[in-house]
Amino acid sequence: MGIAETANLGALKIVQRFKDISIYAPRWINDERLYFALGDPGDLLGRHNGMHTVINRDGSGALQLNESVWRLLDDGSDDVIVSKATRNNTDGAVNSVELFRMDTHTMRRTALLDDLQPRNVTNWVFDKDNQPRYAYATEDDATIVHYRKPGQSKWAEVSRFKFYDPKAFSPAFIDGTGQTYVTMNDPEGFAALYRFDPDARQVASEPTFEVKGFDIRAAPVFESTTRRLLGFQYESDAPGTYWFDEKMLAIQAIVDKKLPATINALNCAGKDENRVCVVRSGSDQQPSKFYLFQPERNEWTVVGETRPWINPRKMARVDFHRFQARDGLSIPVYVTTPTDGASGPRPAVVLIHGGPNVRGGHWVWNPQAQFLASRGYLVIEADYRGSTGYGFKHFQAGWKQWGLAMQDDIADATNWAIAKGFADKNRIAIGGASYGGYATLMGLIKNPELFRCGFEWAGVTDIDLRFSVTWSDASDRILRYDLRTLMGDPEKDAAQFQATSPLRLHKHLTQPLLLGYGASDRRVPLVHGTKLRDEVMKHNDHVEWVAYDLEGHGWALTKNNIDWWTRVEKFLERNMQR
């Protein structure tokens, strides 16, 4: 980790480094002291092993905290808010979280709440004075939100909803005036931002901010000292910023004129002649690049780039489309097109995102898609039903549809790309990780006429194994409620699980297949891969296998990333007849 004065960014001073561990998420506690997290480079699930560290800007005074940092105060003190988690003895899942204010020099901590907190609280929403006002709790299959008025210690329940209730609302943040904002589905089923009165328990009738055709993914932008709401950073088909504040709107216009080919996100501090903005600039073809911009002086300084070795002019473009699935549902899809100047249908890779209940496509520089495009492949990435970000209807349409309608969406996306003249129908591969690995296998099984070959890593090979393998990171609550809602019930839906199991349908896997797994994967344990490998290799001579000893759910180590994608490159060259 390095620090440089803004007046002399070239004089970077390394204040901390480690040989076998990575530094994550450095943040300023105040002008002299910083916080950062430490983690195993192989920790793809972002837990960072619970190692939180503070240090002075000159590299002195480094201390490792015993608790996890929950919130930085931004009040000029050396204090942070830390959390203490109470876990159950069954699966180690968090039952409740307590909060403390801690001095990062003395390690002395004091309870943030004077009175008892509600039971089973696992999340909090704070006001501008760094006081918790809302507490999220879970109880069986329900989420309960409690509220505490300023100056009071008593908590009152303001909402209780079953998991995945489309009518649920969630407090998102509180602005500098004390106004609460919640996320809630609008009448069309898209998540939007509304004002909320906790005393009346009333949500406003009209949204404060919404993005048509997309769920709200808005990060509020505040004035640093007053917490006045200035605007939102959001995502539709591409990222953007909406400003309420006229001065920030004017600064955004100056930045966008200077950098017209990129999406430019601003993080500003100070006022008037002392205002300084960090500009994060990026696009589908350019990885993030950072600038320091002083608006009153119109001075620009390049801070750095996340991947300076990438030449944006050589990168493929990414376009957003929507098509109708066979049942009429609108499916979003991102298409990455190589910049080699070739015309006509191209060899293609259908790349399937994991999750599956997340948003997969984003208009950003994507290393996997760009790698495949650099080898001449068109890349098709559909946000099939069950993906989030496109309204509750789109999300719910994927419930219990593994191997069924979700799989049909992938086939429909492929046929759409063929019909549009994008993809060569005779040279299409399919690939993906985690759920994307499962869908790769089912795509080869259900639609062998579409896909010449497939590659998958960390893929689920049998839905029953998600419930029965004990060496897993799925908590008891996830197994009892989440997976049964989203995937199905292993008893009630047993026949469907068998009919959509790549492991049980292994005899239909006849195309060339590349399999990769991590020996330490707890999300999709190695047994998923070894069971399938052993069965398929009995009848398919075109199966390639690799397992990485030090990897979990995906590849974190550079050497393994290089090895895997080199294997993918050679695998496609052999089987796509380029």
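The values are calculated or read from the model by the stated rules, or taken from the named source; none is laboratory data. As the structure is a prediction and not an experimental result, all values here were calculated from the model. A quick note on method: Cβ atoms are made from the backbone with ideal geometry, for glycine too, and the neighbour counts reach across all protein chains shown.
So residue 576 ticks every box in (1) over 31 Å from the mean Cα position of the chain (by Cα); (2) surrounded by fewer than 16 Cβ atoms within 10 Å (Cβ to Cβ); (3) among the hydrophobic types (A, V, I, L, M, F, W, C) but one. Which box is left unticked?
Among (1) over 31 Å from the mean Cα position of the chain (by Cα); (2) surrounded by fewer than 16 Cβ atoms within 10 Å (Cβ to Cβ); (3) among the hydrophobic types (A, V, I, L, M, F, W, C), the lone unmet condition for residue 576 is (2).
Only one of (1) outside any helix (DSSP H, G or I); (2) closer than 30 Å to residue 138 by Cβ; (3) among the polar types (S, T, N, Q) fails for residue 496. Which number is that?
For residue 496, the exception is condition (1).
Residues that are surrounded by 18 or more Cβ atoms within 10 Å (Cβ to Cβ), touching a helix residue (DSSP H, G or I) at 6+ places or on another chain (Cβ under 7 Å) and part of a loop (DSSP other than H, G, I, E, B): does region 477-487 have at least one?
Among the residues of region 477-487, at least one is surrounded by 18 or more Cβ atoms within 10 Å (Cβ to Cβ), touching a helix residue (DSSP H, G or I) at 6+ places or on another chain (Cβ under 7 Å) and part of a loop (DSSP other than H, G, I, E, B), which makes the answer yes.
Which residue pairs have Cβ atoms closer than 8 Å, lie 6 or more positions apart in sequence or on different chains, and pair a first residue in region 548-569 that is over 15 Å from residue 368 (Cβ atoms) with a second residue that is of a type in the set (Asp, Glu) and in a loop (DSSP other than H, G, I, E, B)?
Here the result reads 551/521; 552/43; 552/521; 553/521; 557/551, each pair linking region 548-569 to a residue that is of a type in the set (Asp, Glu) and in a loop (DSSP other than H, G, I, E, B).
Looking at (1) polar (S, T, N, Q); (2) more than 30 Å from residue 553 (Cβ to Cβ); (3) modelled with pLDDT of 85 or more; (4) surrounded by fewer than 16 Cβ atoms within 10 Å (Cβ to Cβ), which one does residue 104 not meet, given that it meets all the others?
(4)
Applying the selection to region 532-576, what residues are in a loop (DSSP other than H, G, I, E, B) and either closer than 19 Å to residue 351 by Cα or among the hydrophobic types (A, V, I, L, M, F, W, C) (or both)?
Across region 532-576, the qualifying residues are 537, 550, 553, 555, 556, 557, 576.
Just name the residue that is farthest from residue 144 (Cα to Cα) out of those in region 218-238 that are out of contact with any Ser or Thr (no Cβ under 9 Å at 6 or more places or on another chain) and crowded, with 17+ Cβ neighbours inside 10 Å.
Residue satisfying both the conditions and the ranking: 237.
Would you pick out the residues in region 475-501 that are among the small types (Gly, Ala, Ser) and without any contact (Cβ under 8 Å) to a residue 40 or more places away in the chain?
Of everything in region 475-501, those that are among the small types (Gly, Ala, Ser) and without any contact (Cβ under 8 Å) to a residue 40 or more places away in the chain turn out to be 494, 495.
Quick check on this structure: which one of 154, 84 is assigned to a loop (DSSP other than H, G, I, E, B) and not hydrophobic (A, V, I, L, M, F, W, C)?
Just a single option satisfies the conditions, and that option is 154.
Does residue 275 satisfy being modelled with pLDDT under 95 and surrounded by 16 or more Cβ atoms within 10 Å (Cβ to Cβ)?
When the stated conditions are applied, residue 275 passes them.
Is there any pair with a first residue in region 525-540 that is acidic (Asp, Glu) and a second that is modelled with pLDDT of 95 or more whose Cβ atoms are under 7 Å apart and which are 6 or more apart or on different chains, and what are they?
Listed by first residue and then by second, the contacts come to 535/503; 535/506.
Tell me which residues, restricted to region 404-452, are of a type in the set (Gly, Ala, Ser) and buried (at least 23 other Cβ atoms within 10 Å of the Cβ).
Hits for region 404-452 are 413, 417, 423, 429, 431, 432, 433, 436, 437, 439, 443.
Among the residues of region 308-345, which ones are in a loop (DSSP other than H, G, I, E, B) and exposed (fewer than 15 other Cβ atoms within 10 Å of the Cβ)?
Once the filter is applied, which keeps residues that are in a loop (DSSP other than H, G, I, E, B) and exposed (fewer than 15 other Cβ atoms within 10 Å of the Cβ), region 308-345 yields 308, 309, 311, 326, 327, 328, 339, 340, 341, 342, 343, 344.
Go through the residues of region 193-208 one by one and say whether even a single one is within 25 Å of residue 477 (Cα to Cα), under 24 Å from the mean Cα position of the chain (by Cα) and either at pLDDT below 95 or part of a strand (DSSP E or B) (or both).
No: zero hits.
List, please: which pairs have Cβ atoms under 8 Å, are six or more places apart or on different chains, and start with a residue in region 404-422 that is farther than 14 Å from residue 324 by Cβ and end with one that is part of a helix (DSSP H, G or I) and not charged (D, E, K, R)?
Listed pairs, sorted by first residue: 404/496; 406/439; 407/439; 407/442; 407/443; 410/439; 410/443.
What number of residues within region 362-388 satisfy the criterion of being surrounded by fewer than 23 Cβ atoms within 10 Å (Cβ to Cβ) and of a type in the set (Gly, Ala, Ser)?
Going through region 362-388 one residue at a time, the tally reaches 2.
I need a count of the residues in region 265-319 that are closer than 25 Å to residue 231 by Cα and touching an Asp or Glu at 6+ places or on another chain (Cβ under 6 Å).
Selection size over region 265-319: 3.
Can you tell me which residues in region 179-200 are exposed (fewer than 13 other Cβ atoms within 10 Å of the Cβ) and under 23 Å from residue 228 (Cα atoms)?
Correct list: 197, 199.
For region 239-258, state whether one or more residues are crowded, with 20+ Cβ neighbours inside 10 Å and within 22 Å of the chain's Cα centre (by Cα).
Taking every residue of region 239-258 in turn, at least one turns out to be crowded, with 20+ Cβ neighbours inside 10 Å and within 22 Å of the chain's Cα centre (by Cα).
Can you find a residue that is under 26 Å from the mean Cα position of the chain (by Cα), assigned to a helix (DSSP H, G or I) and under 17 Å from residue 414 (Cα atoms) anywhere in region 444-454?
No - not one qualifying residue is present in region 444-454.
Could you tell me which residue of region 455-466 is nearest to residue 377 (Cα to Cα), considering only residues that are within 24 Å of the chain's Cα centre (by Cα) and either surrounded by fewer than 23 Cβ atoms within 10 Å (Cβ to Cβ) or not aromatic (Phe, Trp, Tyr) (or both)?
So the residue we want is 456.
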